[in-house]
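These notes are about the structure you will find just below.
Derivation of every value follows stated rules applied to the coordinates shown; laboratory data play no part. All of these numbers come straight from a predicted model, not from anything done at the bench. Note: ideal-geometry Cβ built from the backbone for every residue, glycine included; neighbour counts use all protein chains shown.
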Amino acid sequence: MAGSVAMYQAMTRMGHATGTDFRQSPNLSGAAPGTTVLVLGAGLAGMLAAYELNRAGYNVRVLEFQTRSGGRNYTLRGGDTLTELGGATQKVGFSPGNYINPGPWRIPYHHQAILHYCKAFGVALEPFIELNHNAYLHDTASFGGVPQRYRHVSSDFYGYTAELLSKAINQKCLDQTVSADEAADILHNMKVWGLLDKEGAYTARLASERRGFDTPPQAGPDGAGVPSQPFPRAEIMRSGLSQYVGFHMLNDFQTTMFQPVGGMDMIGRAFARQIDGLVTHNLRVSAIAQDDTGVTVTYEDHNQAGAVQTAKAEYCVCTIPLPVLNQLDVRVSAPMRAAIAAVPYASSVKVGLEFKRRFWEEDEQIYGGISFTDQQISVMSYPSHGYFEHGPAVLLGGYMFGPAAWDFAGMSPEERIQAALAQGAKIHKQYPAEFSNGVAVAWSRMPWTLGCCSQWSEESRRAHYRTLTTMEGRLVLAGEHASHVGCWQEGALLSAVSAVTQLHARAVGAG
């Protein structure tokens with residue numbers, strides 16, 4: 001699957017990208033005060049598990065590998081450093097106030113769990129602009145490699161499709177498929193949907209109401225404007241750009257989408273405040289053992305020169321990403337071990353580019369939204385905040401999954417940035433003159449996750465999902481991999497709710 005569009009569409013078909021029915025926080029009443037729980041990992045799943053268990057009266061301790069909480073809920077700002085496997089270190093050079101979200105960057109309106117906790121924890125949200133009709137669609141083999149405005153492509157695709165269907169009905173080609181009454185209804189709707197004239201034709205005069213005008217209407221005696229001319233039908237259909245038109249119709253990318261004000265890690269920070277004092281950072285777990293009385297976790301304490309320590313508790317919630325967990329000594333059944341090993345993680349790369357000015361706004365009137373290309377960078381996303389500000393700004397200059405992500409992960413960070421610049425310049429000619437600095441995050445090279453997110457197949461989910469998500473002895477797993485909403489923060493939170501509910505039932509003797 002080449003590019004993030006194909007990847008997201010495949011994930012949607014496999015049930016990885018769906019709406020959720022979260023209604024309220026879990027009911028953990030009746031807990032025996034002081035019952036001890038270890039939570040491994042201080043990403044959103046681990047922090048939510050710790051928050052709900054602590055609130056219910058459990059004695060909770062969280063062990064975290066990194067020197068910060070949040071996990072893949074992550075924001076990079078000027079002055080931050082990032083070291084990946086192999087030792088390459090990047091120091092972010094963004095101007096004050098600018099940032100990039102290398103992990104999650106948007107929240108669908110129907111992800112009710114994360115919206116619930118954002119509201120509960122006081123995280124301010126603002127709209128994330130997913131669809132911008134003035135952004136670009138680009139295919140190197142179409143229209144001479146010249147990027148085209150989304151509104152031009154979408155209008156022509158809808159218009160020509162409507163015209164063809166109307167012609168088929170008028171020529172009696174669908175008489176065996178639709179009744180006369182239904183045919184009349186379809187013809188009426190096609191005129192509205194495709195902006196067809198009374199003869200059922202897609203023409204420049206009406207098309208300009210969606211495409212925009214070559215010369216916009218204005219005042220004065222000659223202010224009527226000049227309609228824009230639709231592209232030839234064959235070129236529109238041959239281009240394949242309609243896949244990008246359909247992308248925004250997927251359930252996960254429909255309006256309204258949100259983002260935290262100031263960066264995605266505003267959510268992680270808010271969660272961390274709720275469990276202040278419960279997390280110990282810079283600990284590397286190496287083994288998890290359990291018996292009938294509790295769980296023992298062995299870890300290296302890098303706050304004390306890597307000294308080997310153990311922590312014990314009656315129960316454990318483990319949110320360690322599966323590629324990492326699979327390398328540890330974990331005392332679980334053979335089916336659980338097989339489930340942990342059965343789920344690979346996707347490779348993903350994001351490139352954040354800072355430019356000297358907001359040329360996409362000033363020169364091209366693009367305010368937020370996403371441009372798509374068939375090049376390896378796949379997308380570029382314009383910031384949904386700071387409109388009309390002077391000075392430097394950051395856009396997402398590439399978001400890769402699949403083969404492109406592996407290719408970019410094999411490059412040095414500087415090579416990734418240069419490749420993203422070269423490809424982006426085919427859409428925005430201002431790139432070379434306006435570029436300031438950048439950062440490129442390859443998730444397969446992040447030592448604490450070894451990938452972007454889980455990649456369940458239909459077969460592996462049938463064989464292993466129930467085992468992976470069911471509490472075994474004193475241990476229960478959580479994280480986006482332990483949900484049907486994989487690769488989203490929502491899945492991590494829902495998995496935490498499931499995990500603590502199972503743990504609580506076991507602790508009070510109901511399960």
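Sorting check: for 435-443, 323-331, 394-402, which peptide has the highest mean count of neighbouring beta carbons within 10 Å, and how do the rest follow?
Highest-to-lowest ranking by the protection proxy: 394-402, 435-443, 323-331.
How large is Rg over Rh for region 150-239, taking Rg from the Cα atoms and Rh as the Kirkwood inverse mean of 1/r across Cα pairs?
Answer for region 150-239: 1.08.
If I compute volume of the Cα convex hull per residue in Å³ from the structure I just sent, which labelled value in [x] 179; [y] 137; [z] 157 lines up?
[x]
Would you mind estimating how fast region 103-213 diffuses translationally, via Stokes-Einstein at 37 °C and 0.692 mPa s with the Kirkwood radius over Cα pairs, in µm²/s?
188
Taking only DSSP H segments of four or more residues, each worth -39500 (n - 2.57), what value at 222 nm results for the chain once the sum is divided by all its residues, to the nearest 500 deg cm²/dmol?
-10000 deg cm²/dmol
With bins 5 Å wide starting at 0, give me the P(r) of region 311-376 over every alpha carbon pair, in whole percents.
Answer for region 311-376: a P(r) of 3, 10, 14, 14, 9, 6, 7, 8, 9, 8, 6, 3, 0 percent.
Once phi is turned into ³J(HN,Hα) by the Karplus curve 6.51 cos²θ - 1.76 cosθ + 1.60 with θ = phi - 60°, what whole-Hz value does each residue of region 42-49 show in order, with x for glycine and proline?
Values, residue by residue: 10, x, 4, 4, x, 5, 5, 4 Hz.
Asp185 to Val226: FRET efficiency via 1/(1 + (r/R0)^6), r the Cβ-Cβ distance, R0 25 Å, to the nearest 0.05?
With a Förster radius of 25 Å, E is 0.10.
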